[in-house]
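Asker: If you scroll down you'll find the structure; I have some questions about it.
Every read-out reported here was derived from the displayed coordinates using simple, explicitly stated rules and does not represent laboratory data. Everything numeric here is computed off the predicted structure, so don't read it as measured data. When we count neighbours, we look across all protein chains shown, and the Cβ atoms used for this are built from the backbone with ideal geometry, even at glycine.
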Amino acid sequence: MDKLVSLCKRRGFVFQSSEIYGGLGSVWDYGPLGVELKKNVKDRWWRAMVHERDDIEGLDAAILMHPRVWEASGHVAGFTDPLVDCKTCKARFRADKLQDAQCPQKPSKKPGEHSTCELTEPRLFNLMFKTFMGPVEEQAAVIFMRPETAQGIYVNYQNVLNASRQKVPFGIAQIGKAFRNEITPGNFIFRTREFEQMEMQFFVKPGTDGEWFERWREQRMAWHHSIGLAPARLRWHAHGPGELAHYARAAYDIEYEFPFGWNEIEGIHNRGDFDLGRHQEYSGKKLEYFDQAANERYLPNIVETSAGADRVTLTLLVDAYREEEVEGETRVVLGFHPGVAPIKAAVLPLVKKDGMPERADRIFHALKKQFPCFYDDSGAIGRRYRRMDEAGTPFCCTVDGQTLEDGTVTVRERDAMTQVRVGEANLVEWIRERL
Ligand code: GAP
C-alpha cells in the first residue's frame, strides 16, 4: 500500500486534501490521472446500469434533503458506531474494532494495554455530518449531509414512475457524493469521510424479491470481472443474522483481497418493503403501486446494489499494480484493462528531428479527438515507455524513420511489450478495437 500511495501522489492519481495546510483527515483529491480513472469507473457503471438496459432510469438527487428523510430511513436513530475515548491519550476508537486499533502511545500496543490507558464505556456516535440551513445559525434548521444516495431514489420513486414509461419491475440508478464522519477511516481511499456511491434501487413485486436478488448478485459480480478485476481476488460474503442492517432481509458483499485483507467493495441488499413503508408512514403520502394488468395495489420491494466509486477505483489500482524485472531493472506497471486506463495511448517521436515531432504532433491531435492521449518527446525512448507503464497507458505509438517512409508507426503494447506496425490512417480504429 505504501508503494501505491506514493505512486498515486507522484503520478497525479490522488493527493491528500488541503495538503499545504497539513491535510484533512481521510479526505482526498483526485489529480489528472485519478479523475480520468474514477470517471471511467463511473461511466462504465452508468453504461451497464442505465444506457444498456430498458428497465432502469437515471437520477441525480440533491445532497441536502428534508431532515425527516433521515428519521424515516432510520439513520437518526440507528446510523451509529460504538465509540470509546481514552482519557490519557485523548484518542478515539471504535469499541467493536479495538483489536484492530493501535494506541498512539509508544511502544505500540492495542488500546487498553498500556498501564496508563483509561478507556471510557462505549457511547453511540452518529456518523452523519450536520450543517445549518438558513442565514441565522441559531434559528436555522439542522440538516444532514446525506450518508448514502439511496434515500434520494426512494423519495423520487413516484416522480420517476410518473415521468417515465416504466412499470414494476424497474430500477433507478444514481451516482453521487455521500458523507460519513467515520471514526476509524483509513487505508488510503478505502474508507473516507467524503466519497462517491454508485447505487441502484430495483423495485419489484413482493414475492419476486428473492429471485431478483439472485439475478442482481450475478450481474454485479460479472461487472467487476468486466472492468478487469482478477476473479480469484473477488469473493462473496453473506451477512449472518447478527450482521444484517436494520433494513435488510438478506445481504451479500462482494469482497476484494486487498493488501490489508479481504474487504467489501459492493453490497447487494434485499431491502423488502422497509424503505417505501417507512417513507409512506413518515410523509403521510401513499406510495403504493397500482399494477393495471393484475388489477392490484402493493408496496414494491426493493433490491439494492450499492458500490463505492472511490473503493472500486482503489481496487483497480491495487489489482493493476505490479513490479517486474526487465533487463536487470525493475519495471513498475499499472496493468489496467484498456477500457478503464486513464490515458489510452501515448504518441512519442523517436528523436526530436527529421520531421518526427511534427508528424507525431499531427497524429497526437488526431488521436486526442477520440480518447485521452499523451505526448512525450523528452528522454530516451525506453524511459518514456517506463513512464507510460507506470501511468497504466496500454499503447505507445512511436513515430520513427519508417513512419516518414511508409506512414506506419510502431505500437508498443504495455503488458507483453511486443511491438507491431500500424498504419497512421488505421490507428484510431486499431486502438478503439482494443479498448
Ligand atoms: N445504501 C446502502 C449503503 O450505503 P453501505 O454498505 O453502507 O450501504 C455501500 O455502503 C458501499 O459504499 C460500500 O460497499 C463501499 O463501497 C461504499 N462506502 C461506504 N462507506 C464508505 C466510506 N467511508 N468510504 C468509501 N466508500 C464507502
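Asker: Using each residue's phi in segment 344-356, evaluate 6.51 cos²θ - 1.76 cosθ + 1.60 at θ = phi - 60° and report the 3J(HN,Hα) Karplus result to the nearest Hz, with x for Gly and Pro.
Answerer: Ordered by residue, 3J(HN,Hα) equals 8, 8, 10, 10, 10, x, 4, 9, 8, 7, 6, x, 5 Hz.
Asker: Could I ask something else about it? Taking a temperature of 20 °C and a viscosity of 1.002 mPa s, what whole-number D in µm²/s does Stokes-Einstein yield for segment 327-435 with Rh from Kirkwood over alpha carbon pairs? Kindly include the intermediate steps, with their values, before the conclusion.
Answerer: On the way: Rh = 13.8 Å.
Value of D from the Cα-based Kirkwood radius: 156 µm²/s.
Asker: While we're on this one: Could you pull out every residue, at least 5 positions away or on a different chain, whose amide H is within less than 5 Å of the one on V347? Hs are placed 1.01 Å off N in the peptide plane, and Pro or chain starts have none.
Answerer: F374, Y375, D376, C397
Asker: In Å and whole numbers, how far do the C-alpha atoms of segment 255-295 stretch along each principal axis, longest first?
Answerer: Reported extents, whole Å, longest axis first: 52, 28, 9.
Asker: Taking just the C-alpha trace of segment 164-219, give me its Rg and Dmax in Å.
Answerer: Taking only Cα atoms of segment 164-219, I get Rg and Dmax of 15.8, 44 Å.
Asker: I would also like to ask the following. In square nanometres, what is the average projected area of the Cα convex hull of segment 232-307? The partial results should precede the final answer.
Answerer: Values: hull surface 29.8 nm².
Mean shadow area of the hull around the Cα atoms is 7.5 nm².
Asker: Work out from phi, with θ = phi - 60° and the Karplus expression 6.51 cos²θ - 1.76 cosθ + 1.60, the ³J(HN,Hα) of each residue of segment 407-412, listed in order in whole Hz, and give x for Gly and Pro.
Answerer: x, 9, 10, 8, 9, 9
Asker: If R0 is 56 Å, what FRET efficiency do you get for A77 and V351 from their C-beta distance, rounded to 0.05? If you can, show how the numbers build up before the last one.
Answerer: On the way: r = 69 Å, r/R0 = 1.23.
Efficiency at R0 = 56 Å is approximately 0.25.
Asker: Helix 381-391 versus the longest principal axis of the chain: what angle, 0 to 90°, nearest 10, using Cα atoms?
Answerer: Helix 381-391 and the main axis of the chain meet at about 10 degrees.
Asker: Distances over 24 Å make up what percent of all Cα-Cα pairs in segment 251-347? Spell out each step's value before the answer.
Answerer: Numbers: 2493 of 4656 pairs.
I get 54 percent for the Cα pairs in segment 251-347 exceeding 24 Å.
Asker: For segment 106-217, taking Cα atoms only, what is the radius of gyration to one decimal and the Dmax to the nearest whole Å?
Answerer: Here Rg and the maximum Cα pair distance are 20.9, 67 Å.
Asker: Same structure again: Calculate how large, on average over all directions, the projected area of the Cα convex hull of segment 40-84 is; give the answer in nm² to one decimal. Numbers along the way, then the final one.
Answerer: Details: hull surface 23.2 nm².
If you wrap the Cα atoms of segment 40-84 in a convex hull and average its projections, you get 5.8 nm².
Asker: Right, something else. How long, wide and thick is the chain, going by the Cα atoms along their three principal axes, in whole angstroms, largest first?
Answerer: Rounded to whole Å, the extents work out to 76, 71, 48 Å.
Asker: Run a plain Debye calculation on segment 1-145 (Cα atoms as equal point scatterers, no solvent) and give log10 I(q)/I(0) at q = 0.09, 0.21 Å⁻¹, rounded to two decimals, same order as the q list.
Answerer: -0.54, -1.16
Asker: From a point 7 Å beyond the Cα of F125 in the direction of its Cβ, which residues of segment 66-96 have a backbone N at a distance under 17 Å?
Answerer: Those under the cut-off are 78-96.
Asker: Which value results when the Cα radius of gyration for segment 58-132 is divided by 2.2 N^0.38 Å? Could the numbers behind the result be given before it?
Answerer: Working: Rg = 17.2 Å, N = 75, 2.2 N^0.38 = 11.3 Å.
With N residues counted in segment 58-132, Rg over 2.2 N^0.38 Å equals 1.51.
Asker: Using a Gaussian network for the chain with springs between C-alpha atoms less than 10 Å apart, which of these wobbles most: G272, G112, G34?
Answerer: Comparing G272, G112, G34 in a Gaussian network model of the chain, the most mobile one is G112.
Asker: Semi-axes of the equivalent ellipsoid of segment 1-54: what are they in whole Å, largest first, if each equals the square root of 5 times a C-alpha gyration tensor eigenvalue? Before the final figure, lay out the partial values.
Answerer: On the way: eigenvalues 168, 30, 16 Å².
In descending order, the three semi-axes are 29, 12, 9 Å.
Asker: On to the next question. Taking 1 over the mean of 1/r across every pair of different Cα atoms in segment 369-432, what Kirkwood radius in Å do you get? Don't jump to the answer; show the numbers that get you there.
Answerer: On the way: mean 1/r = 0.0809 Å⁻¹.
About 12.4 Å for segment 369-432.
Asker: Have a look at the DSSP beta bridges in the chain and tell me what percent are antiparallel, nearest 5. Could you put the intermediate results ahead of the total?
Answerer: Numbers: 73 of 85 bridges.
Antiparallel bridges: around 85 percent, rounded to the nearest 5.
Asker: To the nearest 500 deg cm²/dmol, what mean residue ellipticity at 222 nm is calculated for the chain from DSSP H runs of n ≥ 4 alone, each contributing -39,500 (n - 2.57), summed and divided by the residues?
Answerer: -8500 deg cm²/dmol
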